[in-house]
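Engineer: What follows is a structure written as structure tokens; I'll ask about it next.
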Amino acid sequence: MDDQKIDEAFQLATTLTKQCGSIVLEGFRNASKAVKCKENHWDVVTEYDQKVEDVLVRGLLERFPDHRMLGEESTTEANLREPLDERPTWIIDPIDGTSNFVRGVKFIAISVALVVGGDLKIGIVYNPCLDEFYSAVKGKGAFLNGEKIKTSGIEELKQCLVAHESSIASYATARPYVFGRGLEFIKECIGLRALGSAALTLAYIASGNLDCYAIDYLQPWDIAAGALLIQEAGGVVININGGEYDILKPDVIAAGSEKLAQRVLEVVRKVEADVVRG
Ligand code: IPD
Ligand code: CA
Ligand code: CA
């Protein structure tokens, strides 16, 4: 896809995402919406998750019929296992933070990313409750409601507001790592924050409101759009083991500066060693 096509795709994704914002708001205000549990009781989904995904996928496929879609509500395990190929691929979380959505907490986001040739080209994270539209096109910077944003650039943990998604500890295997990291961070940083939406958390790092985040066990649609926002805002996203960020296996460290990302990596490694030692 050339630059003109990417811009066209960005305009379309922007229009569709804003349209979906109205659906999310309608659902947010609907106190009797249907809520179901997925495999685990803490993992909930509503009729609005599917509605939003349908509007996005239908709208994008109408204009780009040969593009691949990886949306949380309609992606099969087999589709998710297929590696990224030459097809431009849209990675979509129709509502990130569904538990917040169900309980009337205004930290929710629609997350839309486009990958072309293995590279993130478009990232959109939209919180309709607060009307915050975060967007990035590769090489063109990151924006909040049209205003350029940048990461805090903070390098020292002791100056950081650290994003720490404790909900992942619902998985017993993740628990010692999650709380171990939390313990290490809080010894040194200003405070821990768990927003309940990974996509929005990454957007907050891009805008400099939060500083860093170490997260695993999530899915491509939780991270992809926010990762591009951070990269375009001057921050860093790496694999939680220190390697390169893998879009389809997004266990990541995200930070407002390279030095901070390396410091978070030290914490992750220390906790890993502690857990292994018992
Ligand atoms: C959830 C959010 C949350 C994270 C959960 C995710 P969902 O996504 O990103 O921050 O802690 O593990 O599942 O289910 O609301 O789309
Ligand atoms: Ca999600
Ligand atoms: Ca979701």
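The values are calculated or read from the model by the stated rules, or taken from the named source; none is laboratory data. Here the structure is a predicted model, which is why all the values come from computation and not from measurement. Cβ sites come from the backbone with ideal geometry, for glycine too, and all protein chains shown count toward neighbours.
Engineer: Can you find a residue in segment 26-41 that is within 18 Å of GLY123 (Cα to Cα), free of Cβ contacts under 8 Å to residues at least 12 places away in the same chain and loosely packed, with under 15 Cβ neighbours inside 10 Å?
Structural biologist: The answer is no; no qualifying residue exists.
Engineer: Additional query: In the set ALA206, ALA172, which member is without any contact (Cβ under 8 Å) to a residue 40 or more places away in the chain, within 26 Å of THR98 (Cα to Cα) and outside the structural domain of GLY104 (by TED's automatic domain parsing)?
Structural biologist: Within the list ALA206, ALA172, the selection yields ALA172.
Engineer: Considering each of THR76, THR46, THR89 in turn, give the residue that is among the β-branched types (Val, Ile, Thr), over 28 Å from GLU8 (Cβ atoms) and away from ligand 1 (no atom under 12 Å from the Cβ).
Structural biologist: THR76
Engineer: Another question about this same structure. State all residues of segment 219-231 that are surrounded by fewer than 24 Cβ atoms within 10 Å (Cβ to Cβ) and more than 16 Å from ligand 2 (Cβ to nearest atom); if no residue qualifies, say none.
Structural biologist: GLN231, the sole residue that qualifies.
Engineer: Considering only segment 248-278, how many residues are closer than 17 Å to THR201 by Cα and among the aliphatic types (A, V, I, L, M)?
Structural biologist: Counting residues in segment 248-278 that are closer than 17 Å to THR201 by Cα and among the aliphatic types (A, V, I, L, M) gives 7.
Engineer: Let me ask something else about it. Taking the criterion of being in a loop (DSSP other than H, G, I, E, B) and within 13 Å of ligand 1 (Cβ to nearest atom), would at least one residue in segment 197-208 satisfy it?
Structural biologist: yes
Engineer: Identify the residue in segment 75-98 that is in contact (Cβ under 8 Å) with a residue 24 or more places away in the chain and more than 16 Å from ALA225 (Cβ to Cβ) and, among all such residues, is farthest from ligand 3 (Cβ to nearest atom).
Structural biologist: GLU86
Engineer: Then there's this: Among the helices (runs of 4 or more DSSP H) confined wholly to segment 1-108, which include 1 or more residues that are within 20 Å of ALA136 (Cβ to Cβ)?
Structural biologist: Result: 3-29, 47-63.
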